[in-house]
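Asks: Let me begin by handing over the structure; questions about it come next.
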Amino acid sequence: MLAYRVEKQAPIESRPLRATNLPLPEPGPREVRVRVTACGVCRTDLHVIEGDLRAANLPLVPGHQVVGVVDALGAGVSRYRPGDRVGIAWLRGTCGACGHCTTDRENLCRESSYTGYHRDGGYAEAAVVREDFAYRIPPAFEDAEAAPLLCAGIIGYRALRRAEVPPGGRLLLVGFGSSAHIVLQIARHRGHEVFVVTRGKSHQAHARQTGAAWVGGPGDRLPVPADSAIVFAPAGETVPAALEAVGPGGTVALAGIHMSAIPPLDYAKHLFHEKRLQSVEANTRDDGRKLLAEAAEIPIRPRVTRFPLERANAALIALKSGRIDGSGVLVVGGG
């Protein structure tokens with residue numbers, strides 16, 4: 001099968017993903033093999049490829065927003081049949097027995113493993129996953145639309161929960177990429193007023209088109225304080241401003257897996273008045289199931305820019321340089 005694999009972490013501008021012919025992966029016990037039709041490109045893929053995240057397993061096929069069709073079953077599989085359309089997300093395995101796993105906090109399991117990090121992901125014509133970590137894709141979405149929901153959507157959904165927005169409250173989004181443009185649609189559906197701070201003019205225009213009540217750039221003053229904020233930008237210098245932008249009792253959730261250093265905080269300016277700063281780590285499978293159900297009900301309409309699999313390096317370069325509004329998706333095998 002054709003796969004795009006990274007052998008050594010390097011800047012994406014050096015085009016470190018190499019086309020490789022690999023054997024079709026064979027599903028193990030209780031695993032399914034998925035013929036990939038679409039795979040979202042994610043900033044986490046950049047962190048893995050460029051070395052912001054320590055390499056867990058090289059050489060590696062990245063990609064963890066995978067949509068495709070089941071075409072082979074391992075021993076003992078009972079949930080799926082060949083021809084079922086499924087998704088593979090970032091979280092791909094946990095121990096199932098620790099205190100976190102048994103209290104609905106499996107995203108904190110110390111034995112967790114991840115797609116496109118510990119095991120090969122979806123920048124390929126096929127991938128395997130345990131059946132209990134695959135998701136049924138609602139018929140409301142075509143394959144390329146569904147792909148960004150599997151990380152951008154799921155992580156945004158969890159970040160929205162961690163942000164603790166009160167009913168009818170105001171939500172600030174810092175950065176407006178793949179995850180934020182999905183969260184904005186969910187938040188509006190729930191009755192929240194949404195403010196957006198982002199640098200790029202095209203991203204600002206996209207936020208307005210998606211329904212943001214106010215859009216500005218870094219340093220612009222919000223019309224009124226927000227009740228909660230989610231920081232999607234992987235830039236630590238945005239955190240103090242987000243804390244200043246929320247009112248008393250406000251919560252700021254940090255949605256990224258990687259962030260540059262956060263500057264020193266001033267207690268009176270940034271944290272007093274019972275403000276809260278929360279991080280977000282991965283997701284639970286329940287997050288994924290609930291996000292897909294709510295996204296289908298709304299329905300969410302991700303803005304998708306399609307790239308053929310052969311242009312995986314180019315897609316990630318475009319993501320890094322801010323030239324994708326919404327979500328970039330690799331289309332595999334005519335899917």
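The values are calculated or read from the model by the stated rules, or taken from the named source; none is laboratory data. What you are looking at is a predicted structure, and each value in this text was computed from that prediction instead of being measured. When we count neighbours, we look across all protein chains shown, and the Cβ atoms used for this are built from the backbone with ideal geometry, even at glycine. We work out accessible area using only protein heavy atoms, side chains counted, and drop any ligands, DNA or RNA first. Shrake-Rupley method; radii C 1.70, N 1.55, O 1.52, S 1.80 Å.
Asks: Ignoring ligands, DNA and RNA, what accessible area per residue does the chain give at 1.4 Å, in Å²?
Replies: 42
Asks: Moving on. Ordered by packing density, taken as the mean number of other Cβ atoms within 10 Å over each peptide's residues, highest first, how do 297-305, 283-291, 154-162, 174-182 rank?
Replies: Highest to lowest by the protection proxy: 174-182, 154-162, 283-291, 297-305.
Asks: Now, a different point. Identify which of ASP104, ASP143, ASP120 has the largest mean-square fluctuation in a Gaussian network model of the chain, with springs joining Cα atoms closer than 10 Å.
Replies: In the Gaussian network model the winner is ASP104.
Asks: 7 Å from Cα along Cα→Cβ at both ASN21 and GLN209: what's the point-to-point distance in nm?
Replies: Here the modelled spin labels are 4.2 nm apart.
Asks: Which of rounded, prolate, oblate describes segment 35-108, given a ≥ b ≥ c as roots of the alpha-carbon gyration tensor eigenvalues and a/c under 1.5 marking rounded, otherwise prolate only if a/b is larger than b/c?
Replies: Oblate is the answer for segment 35-108, as a/c is 1.5 or above yet b/c matches or exceeds a/b.
Asks: Right, next: Between VAL224, VAL69, VAL34, find the one with the highest GNM mean-square fluctuation for the chain; connect C-alpha pairs within less than 10 Å.
Replies: VAL224
Asks: Report, in deg cm²/dmol and to the nearest 500, the calculated mean residue ellipticity at 222 nm for the chain, where each DSSP H run with n ≥ 4 adds -39500 (n - 2.57) and the sum is divided by the residue count.
Replies: The per-residue figure over the chain is -6500 deg cm²/dmol.
Asks: Something else: Candidates (i) 0.96; (ii) 1.00; (iii) 0.93; which is the computed Rg/Rh (Cα atoms, Kirkwood Rh)?
Replies: Looking at Rg/Rh (Cα atoms, Kirkwood Rh) for this model, the match is (i).
Asks: With the crude spin-label approximation of a point 7 Å out along Cα→Cβ, what separation in nm comes out for ARG30 versus ASP220?
Replies: So the label points at ARG30 and ASP220 sit 5.0 nm apart.
Asks: At a Cα cut-off below 23 Å, give the lysines reachable from LYS320, other chains included and same-chain residues fewer than 8 away excluded.
Replies: Here the lysines satisfying the reach criterion relative to LYS320 are LYS8, LYS201.
Asks: Still on this structure, I have one more. Assign one of three labels to segment 174-290, namely rounded, prolate or oblate, based on the Cα gyration tensor with a ≥ b ≥ c the square roots of its eigenvalues; rounded applies when a/c is under 1.5, prolate when it is not and a/b is larger than b/c, and oblate otherwise.
Replies: rounded
Asks: In nm, to one decimal, how far is the modelled label at ALA75 from the one at GLU274, with both set 7 Å along Cα→Cβ?
Replies: That separation, rounded to one decimal, is 5.7 nm.
Asks: Counting only protein heavy atoms, what percent of the accessible surface of segment 219-292 is carbon or sulfur at a 1.4 Å probe?
Replies: 55
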